[in-house]
Amino acid sequence: MELAEQSLLDALSYLECALGILTFVLLKLVGSPYGRYASQHSGWHLTAPTAWALQELPSLAVPLFLCAGTPAERLRRWPNRILLAMFLVHYLQRSLIFPFLIRGGKPTPLYSCVIAFVFCTYNGYLQSRYLSQYAEYADDWLTDPRFLTGFALWLVGMLINIHSDHILRNLRQPGETGYKIPRGGLFEYVSAANYFGEVVEWCGYGLASWSLQGGAFALFTFCVLLPRAQEHHQWYLQKFEDYPKFRKILIPFLF
């Protein structure tokens, strides 16, 4: 039974990689289905805070449910505990804090929220089940350069992501409408600083976990956020004549 589930988790990881590549292609062809690019004629919508809370919550709830409902043998070891905590901390912030900080925000199409909900359920199961039941690490893994580098990247990426979201929330003063050019932080270097932070965060997690499951999630994140960042960059260039031409799309100084 254990061997069968471990093989299933590996298969789901490869599937996540394939879904990431497919999503990248679809986003390049048809664009992003939410936020400023969402059609107001695409059926039912949810408010932005409601959509964010609902769609992200499974990545927090599913791991907690699985670990509470079944013996989590591997969580007796500190590397597994810390890696799972890294995953949960992000989604604690994303599902229970971030949505309630949103000011306004474009309505989210219901189908977009449902797709995100399904993915977060899928990935929440994949990451938590692997770390709680099957991931094996050496006794000195917490001092391994791969873990230390990955943890540092995860922490820095999360802080960049949170700070960039703060900048975006505060672009408008109370009563103001319309769009403005983001300034400050890594927005001085890239158009999608918040996405850059999230990519760095999950690449760090993938490195620290040194696993197929963590690597698959990092690849999926990159495949989803790269075309979104490119779309943002082109939108800014077309919207603002004075938009800084030296700003890159996603990676400072490079791309």
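The values are calculated or read from the model by the stated rules, or taken from the named source; none is laboratory data. Quick caveat, the model's predicted, so the values are computed rather than measured. Because the Cβ atoms are built from the backbone with ideal geometry, glycine has one as well, and the counts that use them run over all protein chains shown. Note: areas computed on protein heavy atoms with side chains; ligands, DNA, RNA excluded. Shrake-Rupley method; radii C 1.70, N 1.55, O 1.52, S 1.80 Å.
List of remarks:
- Taking segment 201-217 as the range and being crowded, with 22+ Cβ neighbours inside 10 Å and part of a helix (DSSP H, G or I) as the test, the residues that pass are Glu201, Trp202, Gly204, Tyr205, Gly206, Leu207, Ala208, Ser209, Gln213, Gly214, Ala216, Phe217.
- Filter result for the condition that a residue is in a loop (DSSP other than H, G, I, E, B), open to solvent by less than 70 Å² (accessible area, probe 1.4 Å) and in contact (Cβ under 8 Å) with a residue 60 or more places away in the chain, over Ile251, Ile162: Ile251
- Scope segment 1-34; condition more than 24 Å from Gly206 (Cα to Cα) and aromatic (Phe, Trp, Tyr); matching residues: Tyr34
- Test: residue in segment 165-178 that is within 25 Å of Ala61 (Cβ to Cβ) and part of a helix (DSSP H, G or I): yes
- Odd one out for Ala138 among (1) in a helix (DSSP H, G or I); (2) open to solvent by 30 Å² or more (accessible area, probe 1.4 Å): (1)
- Of everything in segment 165-192 that is of a type in the set (S, T, N, Q) and open to solvent by 70 Å² or more (accessible area, probe 1.4 Å), the residue that is farthest from Gly105 (Cα to Cα) is Gln173.
- Among the helices (runs of 4 or more DSSP H) confined to segment 1-109, the ones with at least 1 residues that are of a type in the set (D, E, K, R) and modelled with pLDDT under 95 are located at 2-30.
- Test result for Ala152, closer than 19 Å to Trp202 by Cβ, open to solvent by 30 Å² or more (accessible area, probe 1.4 Å) and part of a helix (DSSP H, G or I): yes
- Residue match in segment 75-90 (condition: surrounded by 22 or more Cβ atoms within 10 Å (Cβ to Cβ) and closer than 11 Å to Trp52 by Cα): no
- Conditions (1) open to solvent by less than 10 Å² (accessible area, probe 1.4 Å); (2) within 17 Å of Ala85 (Cβ to Cβ); (3) out of contact with any Gly (no Cβ under 7 Å at 6 or more places or on another chain); (4) without any contact (Cβ under 8 Å) to a residue 60 or more places away in the chain: number failed by Gly157: (3)
- Scope segment 109-162; condition in contact with a Leu (Cβ under 7 Å, 6 or more places away or on another chain) and among the β-branched types (Val, Ile, Thr); matching residues: Thr149, Ile160
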